[in-house]
Amino acid sequence: MRGVRGCGVVATAPRRHGTDADRTAQGGFTLIELMVTIAVMALLALAALPFTRNWVDGTREIRARSSLIEAVGQARALAMRNPYGLPTTDATGTPLATAAVLYDGETAMLCVVQRDHDRQWTASSCPLDAAGDADVPWRAQITSPGDLALAADGAAFRCAAYDSRGRTQLAPDLGRACTTAATITVTAGQQGGIDAPLL
């Protein structure tokens, strides 16, 4: 409606409130639009949760494998270096293990121990504090172990001992069952597992 001129007053058509044009001009959302948006975002987050869990479990496996490979490298190097000059065999002619990797599943600790000049193992477990560092040349704790499992030939991994040539040996005097398997399988959650070489 056009304005009417006269007496200096301009009359215009009345404006209606609450139209779509007004709401768009104000830039707001209705409560229903907001709730639908939140519901869609929640569904997307739920759909992504299994992928996220698999990614986290895969990362845990890779970190544990990396720590195990480092421990094996330290133990083999220490065994081949043979700092106490121990003989390569014991009294029965069996190859003598001079260093070992120990794993404690309860604390998720990996450590390297060695035989001293009296052919005794410097430690038979992995200390959690720094008090045992003199007896343990290398140690590390696997972060976020959760349901992480280390297995060799179907049994839980606890130990791998090495002789002065870097080969795996049984080391029965260590007080735990050492494996002579070539690989350790590291698994976390629903992942298929990855192998870590022991040689």
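The values are calculated or read from the model by the stated rules, or taken from the named source; none is laboratory data. Being a predicted model, the structure only gives us computed values, none of them experimental. Cβ placement follows ideal geometry from the backbone for every residue including glycine, while neighbour counts extend to all protein chains displayed.
For the range 147-194, the set of residues classified as farther than 23 Å from Asp90 by Cβ and in contact (Cβ under 8 Å) with a residue 60 or more places away in the chain consists of Leu148, Leu150, Ile184, Val186, Thr187, Ala188, Gly189, Gln190, Gln191, Gly193, Ile194, listed by residue number.
Total residues in the range 58-114 satisfying the condition of being assigned to a loop (DSSP other than H, G, I, E, B) and touching a Leu at 6+ places or on another chain (Cβ under 9 Å): the figure is 9. In the range 181-192, which residue that is among the small types (Gly, Ala, Ser) and either closer than 13 Å to Ile69 by Cβ or within 12 Å of the chain's Cα centre (by Cα) (or both) is modelled with the highest pLDDT? Ranking the candidates gives Ala188 first. The single condition from (1) surrounded by 14 or more Cβ atoms within 10 Å (Cβ to Cβ); (2) in contact with a strand residue (DSSP E or B) (Cβ under 7 Å, 6 or more places away or on another chain); (3) hydroxyl-bearing (Ser, Thr, Tyr) that Thr88 fails is (1). For the range 137-157, the tally of residues that are part of a loop (DSSP other than H, G, I, E, B), surrounded by 13 or more Cβ atoms within 10 Å (Cβ to Cβ) and modelled with pLDDT of 85 or more stands at 4. Checking the stated criteria, Arg81 turns out not to satisfy the condition of being more than 27 Å from Gln191 (Cα to Cα), surrounded by 13 or more Cβ atoms within 10 Å (Cβ to Cβ) and modelled with pLDDT of 90 or more.
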